[in-house]
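Novice: Please find one structure pasted underneath; my questions will follow.
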Ligand code: FES
Ligand code: FES
């Protein structure tokens, strides 16, 4: 059933705003604890090999050092599948920078210094870090989301391509990107008696709880994880990483003393995952009327030998355009590198750069306006699943965006607009992201005779505005004012919640809350409509969505960009970005706009700046700080406009929402690359679009 | 390891504390005095999350050693307004939703407050037109000036397009 929007749709200031602007919202590392100790990690100085010897004598003798942790004294953890988490269990080194120990001391200064006193001798082995098409060991990854197969095929792509009058066949690459939330990964771990307590910066307290419980073979009730505020995440804090395990191992050595552990910015580049680089080949064939007859999209990417992760770059392709002959193909190479992970719009962010760049090239080859070309190839039913869409407003987004951006009358000729030494161009790209729901969420609602409703769910707010938006959802689910809602999140003491990831938060948690609200209404009815003196409490799980097998559910959008490229030095400035999105109902227009805006700006950053430079000789990222790994700063960003169209989708969930966290980044880089081509005539197919790639234009 | 005693006046309260000579002002505030309003994003001067007013000027407190600032006055975002109240800049940030996760935000706000004073005092920036601001006149803060002067404070949530109008609203007052 669908709930009636009263609180939803109202632009509300963030409930946690006052605490955040004063700096009084306490993030994990800032929680007050008694007599803390500080952990500093010891990291591997070779890419692969084994530790021949560790000498901890000098470190242990340092005043203020409480414990030195190595594989020799670490708790033996269970042999769980995720190799990324199995640290300090042997003398093996799997990648440069891997945690191999740590020092626990009375102050952070002492711990850090003492680590430098530990002497490690290694037996080094040659490493294998080269990603290329010709490797004999490329493999098909396991599915990330079960409904989206890694490889798809329909019709005869090769024959259709061979006979197509217009063809595009190009290879696009995206760079290694690191999430770099401004709050690094932080933990306070305490081992007391037979249980752990963690204050932790995470997208999902229950995932951390499950991983720690499995590793240390404890019942989940003996692992409490608390995470009220999270200083950004973007995927890096979705899955547990080795930093949590190291903190837990350290806490085991010093019972009853809280161990504080914050990764340095440099360690953030090897410990908490990254968006893997991709090499993508896109082949398009079109008929004389500008209709696609064939579409093939292939991607190869690295993962680590410890744990598989696939950036499903080709996932969006079978959703986007109607072409009778289609093929997508994903391949992975397992290398001696840290393990990649999900990063904002995993798959779509990389894949739609390639596909939407290729679509621009094909529009030009067909002599069609890129918006018109996309509209001509819009799919009516989902090309792969054959299902109708629960709602699909790609065309509406493109048209609305064109109108607002001032697209009409655009001269497609590249390289002819010049003002004051700058070449000017505009570009467009489409965006999409599936409506995902993650299993396992439950919600409890309590109401007292004072008509205040306490809503408990172990959900996360990583800056997305959950505190506010989920309260709005709860108010409408219960049919009460939002001021009557007292939301509690971010603690395993509350009912279990799925991760905040894949733009699934409101869908998953909101559906559980709506279900609990329904039950509460039933309970109330049983009590004659009045809340009894001792209150009422109900708990419900997220129900199945019966429409899932009948409709394909996806959000869509259109991204526009105007760039200037300096004619002599190739500097690119994005003067404006405009996005129009079809994301179902918008719960809080204020915070949702910020999410979309943030995604678009991160897309700008991906397009122009972000690249972790990997040195194959040493098997490590060498740009390990925010000076050499530039993320967009204030001066890099021009005017950004965010719009959405009214979209009423009764099938996705009771709120009618599709999620807004990811789609803002999807297609943003392609729109900018397409605008750069329009400005200069140079097609940059390798991100980021740095000055050197544009010098021939100048 | 060498310990020294220093005095710091933080958000209006005097403190006397013993610190390791390696302790930054940021760590002294956060780990010793329990004032976690300034944040640690990089610990080496590249993100601005740790920005405080140190003797009236905005600095990255991770780059300042406590031992070198004995007797200094520090103002954090928590001390810009009396407890429980908001500085007008903070109210502007909330109104414009100029943050998401909030981790860069105390630094952004302290930076913005100091930046308005710098512009009022006529300090030019890299985008200030030649001659403007010299001779004691205030620099007019258009969007490009705000963007430039706020670029020492990174925001990974990328609230920049909301930070600029929030600061512009204050600049107009
Ligand atoms: S923490 Fe000081 S500048 Fe980043
Ligand atoms: S609000 Fe999250 S980093 Fe700025």
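Novice: Looking at the calculated P(r) for segment A:19-75, what percent of the C-alpha pair distances fall above 12 Å?
Specialist: 80
Novice: Which of A:585, A:418 has the fewest other C-beta atoms within 10 Å, and how do the rest follow up to the most?
Specialist: Least crowded to most crowded, the residues run A:418, A:585.
Novice: Can you give me the C-alpha center-to-center distance between segment A:641-698 and segment A:280-333, rounded to a whole angstrom?
Specialist: 18
Novice: No solvent, one uniform scatterer per C-alpha: report log10 I(q)/I(0) for segment A:415-567 via the Debye equation at q = 0.10, 0.13, 0.15, 0.20 1/Å, two decimals.
Specialist: -0.48, -0.66, -0.80, -1.19
Novice: Mind giving me the FRET efficiency for residue B:143 and residue A:194? R0 is 60 Å, r the Cβ-Cβ distance, nearest 0.05 is fine.
Specialist: 0.55
Novice: Report Rg(Cα)/(2.2 N^0.38 Å) for segment B:3-79, keeping two decimals.
Specialist: 0.95
Novice: Among A:339, A:628, A:70, A:468, what is the fewest-to-most ranking by other Cβ atoms within 10 Å?
Specialist: By the 10 Å Cβ count, ascending: A:628, A:70, A:468, A:339.
Novice: Once the Cβ-Cβ distance between residue B:127 and residue A:690 is put in as r, and R0 is 22 Å, what FRET efficiency do you end up with, to the nearest 0.05?
Specialist: It comes to 0.50.
Novice: Run through the DSSP bridge list for the protein assembly as shown and note the antiparallel percent, rounded to the nearest 5.
Specialist: 75
Novice: Ok, one more. Please list log₁₀ I(q)/I(0) at q = 0.12 Å⁻¹ for segment A:599-698, using the Debye equation with identical point scatterers on the alpha-carbon positions.
Specialist: -0.56
Novice: So, one more: Over the C-alpha atoms of segment A:268-416, what are the Rg and the largest Cα-to-Cα span, Dmax, in Å?
Specialist: Cα only, segment A:268-416: 17.6, 53 Å (Rg, Dmax).
Novice: Now for a separate question. As an exercise, use a Förster radius of 25 Å and the Cβ-Cβ distance of residue A:90 and residue A:138 to find the FRET efficiency, rounded to the nearest 0.05.
Specialist: After rounding, the FRET efficiency stands at 0.30.
Novice: Sticking with this one: Quick one: Cα centre-to-centre distance for segment B:18-92 and segment B:105-128, in angstrom?
Specialist: Here the two parts' Cα centres lie 17 Å apart.
Novice: Does segment B:27-132 come out rounded, prolate or oblate, given a ≥ b ≥ c as the square roots of the eigenvalues of its C-alpha gyration tensor, rounded meaning a/c under 1.5 and, failing that, prolate meaning a/b above b/c?
Specialist: Oblate, because a/c is 1.5 or more while a/b does not exceed b/c.
Novice: Report, in deg cm²/dmol and to the nearest 500, the calculated mean residue ellipticity at 222 nm for the protein assembly as shown, where each DSSP H run with n ≥ 4 adds -39500 (n - 2.57) and the sum is divided by the residue count.
Specialist: Here the helix-only value at 222 nm equals -7000 deg cm²/dmol.
Novice: Other chains near A:595-607: what is the mean number of their Cβ atoms within 10 Å of each residue's Cβ?
Specialist: Across A:595-607, the average partner-chain Cβ count within 10 Å equals 3.
Novice: Take peptide A:99-112, look around each residue's Cβ out to 10 angstrom, count Cβ atoms belonging to other protein chains, and average those counts.
Specialist: 2
Novice: May I ask for the distance between the Cα centers of segment A:347-372 and segment A:462-535, given as a whole number of Å?
Specialist: 42
Novice: Rg to Rh ratio, segment A:541-662, alpha-carbon atoms and Kirkwood radius?
Specialist: So for segment A:541-662, dividing Rg by the Kirkwood Rh gives 1.11.
Novice: How much length, in nm to one decimal, is gained on full extension between residue A:121 and residue A:156, taken as 0.36 nm per residue of separation minus their Cα-Cα distance?
Specialist: 6.9 nm
Novice: OK, next. By counting other Cβ atoms within 10 Å of each Cβ, how are A:375, B:146 ranked from fewest to most?
Specialist: Sorted ascending by nearby Cβ count, the order is A:375, B:146.
Novice: Shifting gears a bit: Say a paramagnetic label sat at a point 7 Å from the Cα of residue B:5, along Cα to Cβ; which residues of segment B:46-74 have their backbone N under 17 Å from it?
Specialist: Counting only backbone N, you get B:67-72.
Novice: If a/c stays under 1.5 just call it rounded; otherwise compare a/b with b/c (prolate if a/b is bigger, oblate if not). Do that for segment A:1-155, with a ≥ b ≥ c from the square roots of the Cα gyration tensor eigenvalues.
Specialist: Judged from the Cα gyration tensor, segment A:1-155 comes out oblate (a/c at least 1.5, b/c at or above a/b).
Novice: Using only Cα atoms, tell me the angle between helix B:105-120 and the longest principal axis of chain B; keep it within 0 to 90° and round to the nearest 10.
Specialist: Taking the Cα atoms of chain B, the angle to B:105-120 is about 60 degrees.
Novice: Within segment B:12-26, name every residue whose backbone N is under 11 Å away from a label modeled 7 Å from Cα of residue B:73 along the Cβ vector.
Specialist: Residues passing the 11 Å test: B:12-13.
Novice: Mind putting together the pair-distance distribution for segment A:553-621? All Cα pairs, 10 Å bins, whole percent per bin, short to long.
Specialist: 15, 35, 26, 19, 5
Novice: Which of rounded, prolate or oblate describes chain A when judged by the alpha-carbon gyration tensor and an a/c cut-off of 1.5?
Specialist: Verdict is oblate for chain A.
Novice: Okay, moving on. Hey, could you pull the Cα Rg and Dmax for segment B:88-172, both in Å?
Specialist: When restricted to Cα atoms, segment B:88-172 yields Rg and Dmax of 12.5, 41 Å.
Novice: I want to check the label-to-label distance for residue A:548 and residue A:50. Put each point 7 Å from Cα in the C-beta direction and report it in nm to one decimal.
Specialist: The answer from the label model is 4.6 nm.
Novice: Run the paramagnetic zone check for residue A:403: 7 angstrom along Cα to Cβ, then residues of segment A:552-570 with backbone nitrogen under 17 Å.
Specialist: Answer for this model: A:557-560.
Computed from the coordinates by the stated procedures, all read-outs in this text should not be read as laboratory data. Because the structure is a prediction, the values reported are computed rather than measured. Cβ sites come from the backbone with ideal geometry, for glycine too, and all protein chains shown count toward neighbours.
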